[in-house]
Amino acid sequence: MKVSVQNISLTKFKCDLLVVNIFEKVKKPGGATGVIDDSMENHITKLISSGEIEGKLGEKTLIHTFEGLPACRVVVIGLGKREDFGLDKARVASAAGIRVGKQVKAKKVATIIHGAGFGGFDIADAAQATVEGAILGAYEFDGNKTEKAPHQVKDLVLVEKDRRKVKLIKIGARIGEIVANAENNARDLVNSPSNKVTPTYFAKYAQKMAKAAGLKCTVLDPKKRGMAAIHAIAKGSKEPAKMVVLQTRASTRGPRVALIGKGVTFDAGGISLKPSKKLWEMKIDMAGAAAVAEVMRAISQLKLKKDVIAVIPLTENMPGGGALKPGDVVSSLSGITTEIISTDAEGRMILADAITYAKRLGAKIIVDCATLTGGCITALGETASGIMGNSDKLIEDFKAAAERTGEKVWPLPLFKEYKKYLRSTVADQKNCTEGMGASPSVGGTFLHKFAGNTPWVHLDIAGTANISIAKGYLKKGATGVPVRTLVEFIKS
Ligand code: BES
Ligand code: ZN
Ligand code: ZN
């Protein structure tokens, strides 16, 4: 979908669908909706008083126009209550509008900027949210279906009649386009099956992406690099493990930030084999890796002059003949040794080597995101990612970024008591406990040992990376979480 901005009045713009909006409980259309033209304003007023239009968030009322307007149709999207409105509601409204566009087979959709025009929101932020909602809302994964893809809107035009606002709208729209497309790419990777997205495939994908985006990309063989922890996990699979490193090239400022994403392309659990129920879902265990790779693309396209590296450990977790076994002791790049209690707690092993490698590359701030524990889904559901770390300041900064993107995070503790859970008699620590609970925090505690004093945040995205029911602008399946928040965090 091509996104553009035009300095023109709604009454003059020719398109297949014009998207306008309305708050809940208003008696008359106001703002841009009110200025479409007089007869349309009267008509919408009638629909409000008759009760058809209530203005509830995401409500869609399609009106076919006749001679009055150059646009063939107008859709009035509900924004919900004015006092509850925020940028995330703008995304939901925009997704509702574009989905009507798809439904009526519109090629060119024009929209007003949701969240603009009533104060409170920066016009560039409102434009960004409108574009993000549209691109994310239009997303469809047709993967390997032989049937033709459903109709897609070709052109999205943000229409603004005040010439002075156009420059800022263009800036916001471009940011929204880059970020949302990156997020959709991440969703494609996560939704794709594990027989396609293997560690080798992912590494090639990263190389190709890096070339297109102007990033540096190195693919390392963990076995040859002393990365014993990731190697131990990969031993049960025929697919070779990879450690992918991406780096921004532009002249950069500020401390080096490392983004680390768990890249288990399929998690069978290893010898601690998972039950077969929903096992197919374990193709999503590389959602952290997908997000991090696409964030690198986005920050390069946004030309952010920041020193950012991504360290992406990639492997399958399979129960092959050479597999790691419970009770085994394995080393790591850092030299810290681990007693394996469950081979299904594999994510933290591969992240351990990635964290150590990031530190060796001079990272001053580390953010890791990983579909790490089922316990995080129990605690927070599909609604929020768990956030932990060793720096309150960093956690606060990350929470502020998440607030702006609508990708909810919720703090979980790293109490020092959890260290005892991991005490081992044969190694420096165990990789997990058996039945003592608090698995997200215990996972975080394991990683903390490798992060040490380097400021670090850990995001457990087990519940949020893949959703079983659609919400707002996101369909069932991969969400692309936390692409937007990571970009926002790097930007700020
Ligand atoms: N990949 C899983 C966690 C997961 C579960 C992600 C469901 C998404 C949906 C992870 O590797 C795992 O198996 N974790 C174990 C840890 C336990 C053995 C300490 C878990 O949560 O059961
Ligand atoms: Zn596992
Ligand atoms: Zn896993």
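The values are calculated or read from the model by the stated rules, or taken from the named source; none is laboratory data. What you see is a predicted model, and the numbers here were worked out from it, not measured in a lab. As a convention, Cβ positions derive from the backbone with ideal geometry for all residues, glycine included, and neighbour counts pool all protein chains shown.
Criterion first (more than 16 Å from ligand 1 (Cβ to nearest atom) and either touching a residue at least 12 places away in the same chain (Cβ under 8 Å) or charged (D, E, K, R) (or both)) does residue 360 satisfy it?
On the way: more than 16 Å from ligand 1 (Cβ to nearest atom): yes; either touching a residue at least 12 places away in the same chain (Cβ under 8 Å) or charged (D, E, K, R) (or both): yes.
Taking the combined requirement at face value, the residue satisfies it.
Can you name the condition, by its number, that residue 20 falls short on among (1) out of contact with any strand residue (DSSP E or B) (no Cβ under 7 Å at 6 or more places or on another chain); (2) more than 19 Å from residue 151 (Cβ to Cβ); (3) not in a helix (DSSP H, G or I)?
(1)
Select, from 328, 285, 353, the only residue that is of a type in the set (Asp, Glu), at pLDDT 95 or above and farther than 30 Å from residue 392 by Cβ.
328
Tell me, please, whether a residue that is within 16 Å of ligand 2 (Cβ to nearest atom) and in contact with a Pro (Cβ under 7 Å, 6 or more places away or on another chain) can be found in the range 244-261.
no
From the list 268, 229, which one is crowded, with 24+ Cβ neighbours inside 10 Å and out of contact with any Asp or Glu (no Cβ under 6 Å at 6 or more places or on another chain)?
On the way: 229 fails: out of contact with any Asp or Glu (no Cβ under 6 Å at 6 or more places or on another chain).
The match here is 268.
Please identify the pairs in which a residue from the range 263-285 that is farther than 19 Å from residue 322 by Cβ and more than 11 Å from ligand 1 (Cβ to nearest atom) has its Cβ atom under 7 Å from the Cβ atom of a residue that is assigned to a loop (DSSP other than H, G, I, E, B) and modelled with pLDDT under 95, counting only partners at least 6 apart or on another chain.
Correct list of pairs: empty, since none qualify.
For the range 328-352, give me the residue count where each residue is touching a strand residue (DSSP E or B) at 6+ places or on another chain (Cβ under 6 Å) and within 16 Å of ligand 1 (Cβ to nearest atom).
Going through the range 328-352 one residue at a time, the tally reaches 8.
Would you mind telling me which numbered condition in (1) within 12 Å of ligand 3 (Cβ to nearest atom); (2) hydrophobic (A, V, I, L, M, F, W, C); (3) crowded, with 24+ Cβ neighbours inside 10 Å residue 279 fails?
Going through (1) within 12 Å of ligand 3 (Cβ to nearest atom); (2) hydrophobic (A, V, I, L, M, F, W, C); (3) crowded, with 24+ Cβ neighbours inside 10 Å one by one, residue 279 breaks only (3).
Looking at 380, 394, 459, 414 in this structure, which one is touching a Cys at 6+ places or on another chain (Cβ under 7 Å), in contact (Cβ under 8 Å) with a residue 12 or more places away in the chain and more than 16 Å from ligand 2 (Cβ to nearest atom)?
From the options 380, 394, 459, 414, the qualifying one is 459.
Residue-wise test of (1) buried (at least 18 other Cβ atoms within 10 Å of the Cβ); (2) at pLDDT below 95; (3) aliphatic (A, V, I, L, M).
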position	(1), (2), (3)
97	yes, no, no
109	yes, no, yes
117	yes, yes, no
135	yes, no, yes
146	no, yes, no
151	no, yes, no
173	yes, no, yes
185	yes, no, no
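Take the residues in the range 344-379 that are within 16 Å of ligand 3 (Cβ to nearest atom) and in a strand (DSSP E or B), then tell me which one is surrounded by the most Cβ atoms within 10 Å (Cβ to Cβ).
So, considering only residues that are within 16 Å of ligand 3 (Cβ to nearest atom) and in a strand (DSSP E or B), the one surrounded by the most Cβ atoms within 10 Å (Cβ to Cβ) is 370.
Would a scan of the range 245-252 turn up a residue that is within 16 Å of ligand 3 (Cβ to nearest atom), crowded, with 19+ Cβ neighbours inside 10 Å and either under 28 Å from residue 142 (Cβ atoms) or touching a residue at least 24 places away in the same chain (Cβ under 8 Å) (or both)?
No.
In the range 313-343, which residue that is of a type in the set (Gly, Ala, Ser) and more than 14 Å from ligand 2 (Cβ to nearest atom) is surrounded by the fewest Cβ atoms within 10 Å (Cβ to Cβ)?
Of the residues in the range 313-343, the ones of a type in the set (Gly, Ala, Ser) are 320-323, 327, 331-332, 334-335, 342.
Next, only the ones that are more than 14 Å from ligand 2 (Cβ to nearest atom) stay: 320-322, 327, 331-332, 334-335.
On the way: 320: 16, 321: 6, 322: 11, 327: 10, 331: 17, 332: 24, 334: 21, 335: 10.
The extreme case among them is 321.
If I filter the range 187-197 for residues that are modelled with pLDDT of 95 or more, over 19 Å from the mean Cα position of the chain (by Cα) and polar (S, T, N, Q), do I get at least one hit?
Yes - at least one qualifying residue is present in the range 187-197.
Looking at residue 293, is it more than 16 Å from ligand 1 (Cβ to nearest atom), modelled with pLDDT of 95 or more and surrounded by 24 or more Cβ atoms within 10 Å (Cβ to Cβ)? Steps first, please.
Numbers: more than 16 Å from ligand 1 (Cβ to nearest atom): yes; modelled with pLDDT of 95 or more: yes; surrounded by 24 or more Cβ atoms within 10 Å (Cβ to Cβ): yes.
Yes, satisfied.
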